[in-house]
Structure formats: structure tokens, C-alpha cells
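Notes for the one structure printed next.
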Amino acid sequence: MPKDHLVPAILVLLLFTASSTYADDSLEFKGLKIGSTAEELRMKYPEFICSDPRQEATRPLNETLKKFWERKQTEADLFCETTIIDRAPRTALSGVAGRHIKVIDFHFIANRLMYAYALLDSLAFDDLIAGLTTKYGPPTRKDTGAKSTKMTFYWKRAGATIRVSKYAESLDTASYSLSADDYWPEVARRRAARAKAIGKGR
């Protein structure tokens, strides 16, 4: 291939690779994959309440809520959450792997789903692992060290990771998350920028 055609070809390949990062639909949570929009979430689950953390932080709030929304600014441009209580009517959103979900969060950056999180009873842990193994195969990685009371299983595919955790000695909760692999680096970048801005303001 002539050199004058090589650079455009490489650029096209890089662009395709970047745009394909979230094209993999193997890993999903409640029918949503990394890269889904807030509109897709609302269409599928209209019970969600979504808030812009920057706007919320400007409202007259008590100190605890103000700090919450200031922190959320480093984690999402749009934060969607719903709490599912036992007495609420069961919906398609209420369960995973045959178990009842307590809380679900979805974090969007630039209107793209980057992180989803669910909290369940810790007794759901084994069912979650079994269900995910049936769906995706064995975990990509397990952290179950003898010196740690925390057990975490991971499934990783094309720019996304599912993580399921619980504390071995706890009968309280298990957590289930789906995240873009570049989500936590972006959160770290935002937190560092915020800390720097606060430092300059002193």
C-alpha cells in the first residue's frame, strides 16, 4: 500500500477500534450494555429517577446531601437510581438470578452508560455466580484469598467488566456491577481535578 494511503487507513482502523469498544453486547445488566443512553434506560425502566449532580449540588441542601452530590459529580454527568423495597410491587427491574434487588444505580458520562451497580442480600451471591457462569462461562478472574474475607469474581469482555462481590463473614449484602474499563480511570481523573481545584481555592 502506498505510504500516502497508509496513514488514512491506520486512522480508520483506530477509529473503528475506538467505536467498537462498546459494541460488544455479551456483557449486560438488566438488558442494558455499556454505551447505552439514558433514553434507553428510561424507555426500558421508566421508574428510574435521574439527576444531574452539578445541578443538584447548587440547590440549598444540608451538608450531607451537598457532599453527596459534589462527590457524584466526579462519578457521573447523570446519576439514575431507584430503591426497591420488599413491599413494592415486583417488576422486571426487581430481580436478578432469581434474587431480589435492593438498590440499583446507573452512571452516565456524556450520555453513555459507564457503570451500573446493584445491591442484593449476600445469600444471592452463589446464585449470581451460577447464573453468570451459565451465561458467560467461567469467571475471568477470582479474588478469594485465604487472608481476605472478601470474595470477588470477574467477567471481562471487550471494554467491559462484570464484578460480583461479598464478604465471606457477612450475612448482609452482595454487590453486582457492570463497568466500562475506562470508567474508574475517568473517575480518578475527575477526583484529582476536583482536589486540585479545591486546593487552589484555599
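The values are calculated or read from the model by the stated rules, or taken from the named source; none is laboratory data. Worth saying up front: this structure is predicted, and the values here are computed from it rather than measured. Counting neighbours? That spans all protein chains shown, and the Cβs are built from the backbone with ideal geometry, glycine included. Note: areas computed on protein heavy atoms with side chains; ligands, DNA, RNA excluded. Shrake-Rupley method; radii C 1.70, N 1.55, O 1.52, S 1.80 Å.
Worth a mention:
- Surface composition of the stretch 31-200: carbon and sulfur make up 54 percent of the accessible area, probe 1.4 Å.
- Cα shape, the stretch 31-200, gyration tensor, a/c 1.5 rule: prolate
- For Ala174, the amide hydrogen comes within under 5 Å of the amide hydrogens of Leu120, Asp121, Ser122, counting only partners 5 or more places away or on other chains and with H modelled in the peptide plane.
- Using the Cα coordinates of the stretch 108-202, the gyration tensor eigenvalues translate into equivalent-ellipsoid semi-axes of 30, 18, 12 Å, sorted from longest to shortest.
- In straight-distance terms, cross-link reach from Lys142 covers every one of the lysines whose alpha-carbon lies under 30 Å from its own, apart from those fewer than eight places away in the same chain; here that gives Lys30, Lys33, Lys72, Lys102, Lys150, Lys156, Lys166.
- Computed magnitude of the charge dipole of the stretch 31-200 (debye, nearest 20; Cβ of K, R +1, Cβ of D, E -1): 520 debye
- For a straight C-alpha distance cut-off of 18 angstrom, the lysines reachable from Lys67 (same-chain residues fewer than eight places away being disregarded) are Lys196.
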